[in-house]
Amino acid sequence: MGENSRFHKIFLAINQITRSQDNLSIDEILEKLIEEDALTSDSGSSNVSVAQRRLVFAMLGWQSMLFLPAIDARWSTNLNIYRAPGQPNSGLVFDDWSVSIDLTDRPLAILLKAFGNLLPARSRSSDNVASELAKQAFSWISLSPSDTNAYLLHTLLRVNIRWVDTLSLHLDYDKATRSLSIFRHPSFCVAMLQSKGAIYSFASIELYPVDPRATSEDITHFLHETLLSYRLLFGQAKASRRFFRNMLKSETVLSCNPDPLLRLLCLDQYFAHSFVPPDRTVYVTARDFLVLGPRVERLADELRVAKPKSLVDLLHDRRDTLQYWTFWFVAIIGGAGILLGVLQVMLATIQVLQASGKLA
């Protein structure tokens with residue numbers, strides 16, 4: 001019980017420290033923990049120092065949900081992130097799962113970037129939200145929930161939805177395995193927005209870094225866009241709502257998920273929440289997905305070139321309205337023609353049989 005209480009004390013102390021000061025490093029967090037008597041000094045033991053650094057790193061992962069620490073690597077002198085067996089790697093998020101512990105003296109934004117793109121940032125070519133009056137507006141990519149949704153991804157591309165506990169993997173699509181990762185705790189995003197919580201400790205304060213890192217504003221966009229993406233992929237399309245409802249019945253990871261907001265986002269046709277951007281009939285990535293735009297556009301591009309693989313797929317593919325109704329028009333006219341032909345043959349046969357009976 002004592003150890004659990006101490007662990008809880010350290011956990012809360014780290015949360016308070018990271019919320020009170022920006023641009024901290026793990027070493028600086030350790031110094032403050034020792035000052036507050038939440039931790040004891042390492043007494044010159046390098047092993048204890050490594051263990052303390054790894055403990056702070058692990059708690060930052062649990063509090064931000066950007067990564068899961070690899071707690072089984074007991075004797076490692078590196079900072080390690082857990083990778084589940086068989087977890088696909090698209091190359092869009094993780095570059096590495098282990099970095100040198102020497103990076104603990106660097107700001108958390110720099111440390112996190114060493115692992116890859118765990119906290120996506122918007123393009124620095126435009127510092128503000130895109131305007132419809134801008135010259136670049138003609139090149140905007142528009143998306144309709146009826147054309148870009150989870151049902152079509154599953155039906156036309158045979159995409160497998162992976163419900164994950166790591167926020168950085170949200171909308172990470174691995175084309176090789178046709179796996180789309182979706183974060184299953186949207187209430188966490190709301191909690192971070194309300195409290196300006198632990199995820200903001202990884203915000204960068206550099207204005208023009210060579211390798212762009214997420215600022216505090218980018219993190220806010222990232223959380224808002226994560227919440228909005230559930231509406232685009234599930235909530236606004238009837239077929240996708242039905243698809244999610246079926247997953248609730250068939251997947252234990254969803255049926256046992258205690259987050260009620262996930263069901264509301266994915267099952268309610270009409271949804272409103274103060275921290276969730278309003279539904280749109282047409283989404284524009286340059287305006288609605290400043291940070292997650294590349295991931296959303298990648299899914300849209302995959303769907304744009306996807307072709308129905310079966311008659312059933314063709315019956316449910318309404319992305320091209322002209323093609324859809326042309327198919328039904330041809331099917332109805334063709335079917336009627338075949339039916340009339342069969343009736344004519346049957347009538348002719350009956351007439352022949354009747355004539356043969358009279359002659360007999």
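A simple rule links phi to the HN-Hα coupling: the Karplus curve 6.51 cos²θ - 1.76 cosθ + 1.60 with θ = phi - 60°, which for region 244-256 gives 5, 4, 5, 5, 4, 7, 9, 10, 4, 4, 8, 5, 9 Hz, with x for Gly and Pro. Amide H contacts of residue 182 (H built 1.01 Å from N, in plane; Pro and chain starts excluded): 162, 163, 164, 171 sit under 5 Å, all sequence-distant by 5 or more or on other chains. Converting phi to 3J(HN,Hα) with the Karplus coefficients 6.51, -1.76 and 1.60 and the offset θ = phi - 60°, region 278-289 yields x, 4, 10, 5, 10, 9, 10, 4, 5, 10, 9, 10 Hz in sequence order, with x at every glycine or proline. For region 79-86, putting each phi into the Karplus relation 6.51 cos²θ - 1.76 cosθ + 1.60 with θ = phi - 60° gives couplings of 9, 10, 9, 6, 10, 5, x, x Hz, in residue order, rounded to whole numbers and with x for Gly and Pro. Taking amide hydrogens as placed 1.01 Å from N in the peptide plane, the amide H of residue 284 sits under 5 Å from those of 143, each at least 5 positions away in sequence or on another chain.
Going by average Cβ density within 10 Å per residue, which order do the peptides 87-96, 295-304, 60-69, 339-348 take, highest to lowest?
Details: 87-96: 16.6, 295-304: 18.3, 60-69: 20.7, 339-348: 10.0.
Final packing ranking: 60-69, 295-304, 87-96, 339-348.
Considering every alpha-carbon pair of region 184-299, the percent of pairs per 10 Å bin, from zero through the bin containing the longest distance, is 13, 39, 34, 12, 2.
Each reported figure results from applying straightforward, stated rules to the coordinates on display, with no laboratory input. None of these values were measured; they are calculated from a predicted model. Here Cβ is always computed from backbone atoms with ideal geometry, including for glycine, and neighbour counts include all displayed protein chains.
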